[in-house]
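The values are calculated or read from the model by the stated rules, or taken from the named source; none is laboratory data. Every value quoted in this text rests on a predicted model; they were computed, and no experiment measured them. FYI the Cβ positions are ideal-geometry reconstructions off the backbone, even for glycines, and counts take in every protein chain you see. Heavy atoms of the whole protein, side chains included, go into the accessibility calculation; ligands, DNA and RNA do not. Shrake-Rupley method; radii C 1.70, N 1.55, O 1.52, S 1.80 Å.
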Amino acid sequence: MKKLLLAAMAAMSVTPPAAAAALSDAIRADMPQLMTLYRDLHANPELSMQEVRTPAKLAAEMRKLGFEVTEHVGKTGVVAVMKNGPGPVLLIRADMDALPVAEQTGLPFASKVIGKLPDGKETPVMHACGHDTHITTWLATGRRLAAMKDQWSGTVVMVLQPGEELVMGAKAMLDDGLFTRFPKPDYLLAFHDSAQLPAGLIGVPTGYALANVDTVNIHVKGRGGHGASPQTTKDPIVLASRIVVALQTLVSRENDPLEPAVVTVGSFHAGAKSNIIPDKAELALTVRSYSPETRKILLDGIRRIARGEAIAAGLSEDLMPVVEIEQPSADATFNTSPFSDHLRQLFAGHFGAERVTQPRPIMAAEDFSRFWLADKTKQSTIFWVVGVRKAKWDAAKGDMTKLPSLHSPFWAPEAETVISTATEAMTVAALDILKKS
Ligand SMILES: [Zn+2]
Ligand SMILES: [Zn+2]
């Protein structure tokens, strides 16, 4: 299988100019309808694992195209399969959830939706990560592949995934039989919109694309008392402060300098009044890495430092800090070679080399990683399609601090460019992977 794959990938295929122009024309003709869908999705975002309207709407569209559609896979996910003769199985995934963010883009179709968090609290909801561009591209790619059935052979498994923002949805779909109830994929493909560089550029990383992300809570205990009598207490604020400082040595002293790692203490809460020594302090950390080895050094180190500092502070065994790693945590997303290198060349051949880059990995996370981790013999790639309006990029002169990032209430991608570029890239990739022999 691997030899065959390498041979197939070595034979670089570039879409013939007439076929490429026909594909661009077909996508352009579909754009008015797609933008209507995009605006509707943007105005009606749904929180993670609460997606109802979105999957129902998209499932109906995919059924009309001739896909065999199964709903409610992993609670709210959709799987749409098209079998079209012998050949490999290609999984194309789009995530569909939105975020608890109050939109401030000023767009005429901005979201006014109020949703409910799992704890029952009300929150404004917004597609602040651009998953509405992913969903629209997913349908647009389905349309192209259905219309071009005579030009490919194999099976397409289109996956509309819930709950990416909570890194829960991919696992929910796998646990619900994604790889056993449906054709098992040989290739895994996804894209994410990007808030770096001008719109229309495509980035295809090779190797690690996104990081391991662990949220770690440290419950520091102490013995409270009067602020005037510290000798009768065990001050958890001083202990937690020492833990925060000691944690800085994990990356600077224990980690291989050539292995990326982040340990950030983002939250430190303790005490209520100036003259009371409290009996606890709470720390919350984000811990990021790529390799499993680095991840282990960091997580083991956090446990050891918390305990070691507590011992040094003279705390008894029953008052040792409790270190808790929140679940689910996110595993690093890996783009395999030769697949990702091949796609980069394929896109450069199709769109022109000036529109395609090989970006560095980023320290954010995705649960697309889980599909490949479930079977590492497969080939997998996630790529970026940039959505920053050219005028805004030029005005910012490349200064990222002047531009909204993903998850910002101001993130308003140039959706038409993202959707048309991503649809074209997805379709070109699918036609290449599933080319008739
Ligand atoms: Zn996202
Ligand atoms: Zn996101």
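Out of curiosity, is Leu160 part of a strand (DSSP E or B), away from ligand 1 (no atom under 16 Å from the Cβ), open to solvent by less than 40 Å² (accessible area, probe 1.4 Å) and in contact with a helix residue (DSSP H, G or I) (Cβ under 7 Å, 6 or more places away or on another chain)? Criteria not met by Leu160. Under the condition of being on the phi > 0 side of the Ramachandran plot and either crowded, with 21+ Cβ neighbours inside 10 Å or modelled with pLDDT under 95 (or both), the residues counted in segment 59-80 number 1.
Evaluating Ala172 against the criteria (1) touching a strand residue (DSSP E or B) at 6+ places or on another chain (Cβ under 8 Å); (2) open to solvent by 10 Å² or more (accessible area, probe 1.4 Å); (3) not in a helix (DSSP H, G or I) leaves one unmet condition, (3).
Taken over segment 395-409, the residue count meeting the criterion of being away from ligand 1 (no atom under 16 Å from the Cβ) and in contact (Cβ under 8 Å) with a residue 40 or more places away in the chain is 2.
Assessment of segment 81-90 against the conditions (open to solvent by less than 40 Å² (accessible area, probe 1.4 Å), among the polar types (S, T, N, Q) and over 20 Å from Phe410 (Cβ atoms)) yields at least one matching residue. Residues that are among the aromatic types (Phe, Trp, Tyr) and open to solvent by 10 Å² or more (accessible area, probe 1.4 Å) within segment 187-228 comprise Tyr187, Tyr208, listed in sequence order. Can you spot a residue in segment 137-156 that is within 13 Å of ligand 2 (Cβ to nearest atom), part of a helix (DSSP H, G or I) and in contact with a helix residue (DSSP H, G or I) (Cβ under 9 Å, 6 or more places away or on another chain)? No.
Of Ile325, Ile362, all but one fail to be touching a residue at least 40 places away in the same chain (Cβ under 8 Å), within 16 Å of ligand 1 (Cβ to nearest atom) and closer than 27 Å to Val287 by Cβ; the exception is Ile362.
Being closer than 22 Å to Pro413 by Cβ and not in a helix (DSSP H, G or I) is a property that Pro45 has. In the set (1) touching a Lys or Arg at 6+ places or on another chain (Cβ under 9 Å); (2) open to solvent by 10 Å² or more (accessible area, probe 1.4 Å); (3) within 16 Å of ligand 2 (Cβ to nearest atom), the condition left unmet by Lys184 is number (3). In summary, Gln104 fulfils each of the numbered conditions (1) open to solvent by 20 Å² or more (accessible area, probe 1.4 Å); (2) within 16 Å of ligand 1 (Cβ to nearest atom); (3) polar (S, T, N, Q) with the single exception of condition (2). Test Thr294 against the stated conditions and say whether it is open to solvent by 40 Å² or more (accessible area, probe 1.4 Å), hydroxyl-bearing (Ser, Thr, Tyr) and part of a helix (DSSP H, G or I). No. Listed conditions (1) part of a loop (DSSP other than H, G, I, E, B); (2) within 16 Å of ligand 2 (Cβ to nearest atom); (3) under 26 Å from Ala353 (Cα atoms) are all met by Ser111, apart from (3). All conditions but one from (1) of a type in the set (Gly, Ala, Ser); (2) in contact with a Ser or Thr (Cβ under 7 Å, 6 or more places away or on another chain); (3) surrounded by fewer than 24 Cβ atoms within 10 Å (Cβ to Cβ) apply to Ser380; the one that does not is (3). All conditions but one from (1) within 16 Å of ligand 2 (Cβ to nearest atom); (2) in contact with a helix residue (DSSP H, G or I) (Cβ under 8 Å, 6 or more places away or on another chain); (3) outside any strand (DSSP E or B) apply to Arg93; the one that does not is (3).
When the criteria are applied in full, Met9 meets the requirement of being at pLDDT below 95, surrounded by fewer than 21 Cβ atoms within 10 Å (Cβ to Cβ), within 27 Å of the chain's Cα centre (by Cα) and in a helix (DSSP H, G or I). Within segment 128-145, can you find the residues that are more than 16 Å from ligand 1 (Cβ to nearest atom) and closer than 14 Å to Leu90 by Cβ? Thr141, Gly142, Arg144, Leu145, listed by residue number.
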